[in-house]
1. Going by what's in this entry, would residue 137 be described as more than 16 Å from ligand 1 (Cβ to nearest atom), more than 21 Å from residue 223 (Cβ to Cβ) and assigned to a loop (DSSP other than H, G, I, E, B)?
2. Applying the selection to region 34-50, what residues are open to solvent by 40 Å² or more (accessible area, probe 1.4 Å) and either among the aromatic types (Phe, Trp, Tyr) or within 28 Å of the chain's Cα centre (by Cα) (or both)?
3. Based on what the data block shows, is residue 89 in a helix (DSSP H, G or I), surrounded by fewer than 19 Cβ atoms within 10 Å (Cβ to Cβ) and either away from ligand 1 (no atom under 14 Å from the Cβ) or polar (S, T, N, Q) (or both)?
4. Looking only at region 11-33, how many residues end up being out of contact with any helix residue (DSSP H, G or I) (no Cβ under 9 Å at 6 or more places or on another chain) and open to solvent by 60 Å² or more (accessible area, probe 1.4 Å)?
5. Checking the condition closer than 16 Å to residue 160 by Cα, away from ligand 1 (no atom under 13 Å from the Cβ) and not assigned by the TED database to the domain that holds residue 166, which residue from 58, 63 passes?
6. If you check residue 75 against the conditions, is it touching a helix residue (DSSP H, G or I) at 6+ places or on another chain (Cβ under 8 Å), in contact (Cβ under 8 Å) with a residue 12 or more places away in the chain and within 12 Å of ligand 1 (Cβ to nearest atom)?
7. Six or more apart or on different chains, Cβ atoms under 7 Å: show the pairs whose first residue is in region 221-246 and over 15 Å from residue 181 (Cβ atoms) and whose second is surrounded by fewer than 20 Cβ atoms within 10 Å (Cβ to Cβ) and modelled with pLDDT under 95.
8. Test of understanding: among 177, 196, which residue is within 16 Å of ligand 2 (Cβ to nearest atom) and free of Cβ contacts under 8 Å to residues at least 60 places away in the same chain?
Amino acid sequence: MKLILHVWRQKGPNQPGKFEKYELDDVNEHMSFLEMLDVLNQKLIAQGQKPVAFDHDCREGICGACSMVINGIAHGPQRATTTCQLHMRHFKDGDVIYIEPWRAKAFPIIKDLIVDRSAFDRIISAGGFISVRTGSAPEANSVPVPKDVAELAMDAAECIGCGACVAACPNGAAMLFVAAKVSHLNLLPQGQPERFTRVKAMVEAMEREQFGSCSNHRECEAACPKGISISFIARMNRDYRKALWKTVEHQGGKAEGISQFRG
Ligand code: SF4
Ligand code: FES
């Protein structure tokens, strides 16, 4: 099939960017979207032009690297699908496709379609871990976890940190990502000792990174390639409220911290 591509080209972080138009023949419907971009890049290289810079790693829907907005939709038109697992059979001969980077203040553009998502790493560093010696793998039944709790934790753990939720949110909020990362640890017995310090530290790190606030548009849930539910945001907010009350109790009843609560 033949495609008309309008691709965002930007030489560097502080450079102006613009859409460049490319025509691509012989796109096979079995190609993934990234393979289609590989074909475009081979063509550009053969013509002595700079290839389009885009992020990718696993190409199996696992790493979360393949961030791009396709025709205005984070990860493109196929629901619950990463860009690397989106196939060209979902497009038609002659289609016009606009390809842009994630756009959010907290994700500055590095080049073309690549953005800096290290803000996510800093949020994880603030509390997205368990600081106990885990040793070797324990016997499976030594820490009993009810099946429904284990499954809910696994649902949250599906988050691949791609950032589509931020790109899709009109406020540029990272609540779905942070809620998933908080929840998958806070639900499990191993995560209980740091449950409240974790949620407080991660929410505060999120705010430092200048992500927007959640106002329940639910675009994050619609764009998430892993189908993470916004119910995890409510769960995170409940834990965050409890964490603030615990801080207040610890400080002898002064209630200043409560005004920070994100509803
Ligand atoms: S919550 Fe979904 S959209 Fe957001 S980073 Fe995780 S996998 Fe990506
Ligand atoms: S390249 Fe790893 S999820 Fe797409």
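The values are calculated or read from the model by the stated rules, or taken from the named source; none is laboratory data. Fair warning: this is a prediction, and the values are worked out from it, not measured in the lab. For neighbour counting, all protein chains shown are included, and Cβ atoms are generated from backbone atoms with ideal geometry for every residue, glycine included. The protein model used for the area step is the full one, side chains on, heavy atoms only, and it has no ligands, DNA or RNA in it. Shrake-Rupley method; radii C 1.70, N 1.55, O 1.52, S 1.80 Å.
1. Values: more than 16 Å from ligand 1 (Cβ to nearest atom): yes; more than 21 Å from residue 223 (Cβ to Cβ): yes; assigned to a loop (DSSP other than H, G, I, E, B): yes.
Spelling it out, residue 137 is indeed more than 16 Å from ligand 1 (Cβ to nearest atom), more than 21 Å from residue 223 (Cβ to Cβ) and assigned to a loop (DSSP other than H, G, I, E, B).
2. From region 34-50, those open to solvent by 40 Å² or more (accessible area, probe 1.4 Å) are 35, 38-39, 42-43, 45-50; that's our starting set.
35, 38, 39, 50 - these are the residues of region 34-50 that are open to solvent by 40 Å² or more (accessible area, probe 1.4 Å) and either among the aromatic types (Phe, Trp, Tyr) or within 28 Å of the chain's Cα centre (by Cα) (or both).
3. Numbers: in a helix (DSSP H, G or I): yes; surrounded by fewer than 19 Cβ atoms within 10 Å (Cβ to Cβ): yes; either away from ligand 1 (no atom under 14 Å from the Cβ) or polar (S, T, N, Q) (or both): yes.
Considered against the rule, which asks whether it is in a helix (DSSP H, G or I), surrounded by fewer than 19 Cβ atoms within 10 Å (Cβ to Cβ) and either away from ligand 1 (no atom under 14 Å from the Cβ) or polar (S, T, N, Q) (or both), residue 89 comes out as yes.
4. From region 11-33, those out of contact with any helix residue (DSSP H, G or I) (no Cβ under 9 Å at 6 or more places or on another chain) are 11-21, 23, 25; that's our starting set.
Still in the list and also open to solvent by 60 Å² or more (accessible area, probe 1.4 Å): 11, 13-16, 18-21, 23, 25.
Number satisfying all stated conditions: 11.
5. Details: 63 fails: away from ligand 1 (no atom under 13 Å from the Cβ).
Every option except 58 fails the conditions.
6. Taking the combined requirement at face value, the residue satisfies it.
7. Hits for this filter: 241/261; 244/257; 244/258; 244/260; 244/261.
8. Numbers: 196 fails: within 16 Å of ligand 2 (Cβ to nearest atom).
Of the residues listed, the single one that is within 16 Å of ligand 2 (Cβ to nearest atom) and free of Cβ contacts under 8 Å to residues at least 60 places away in the same chain is 177.
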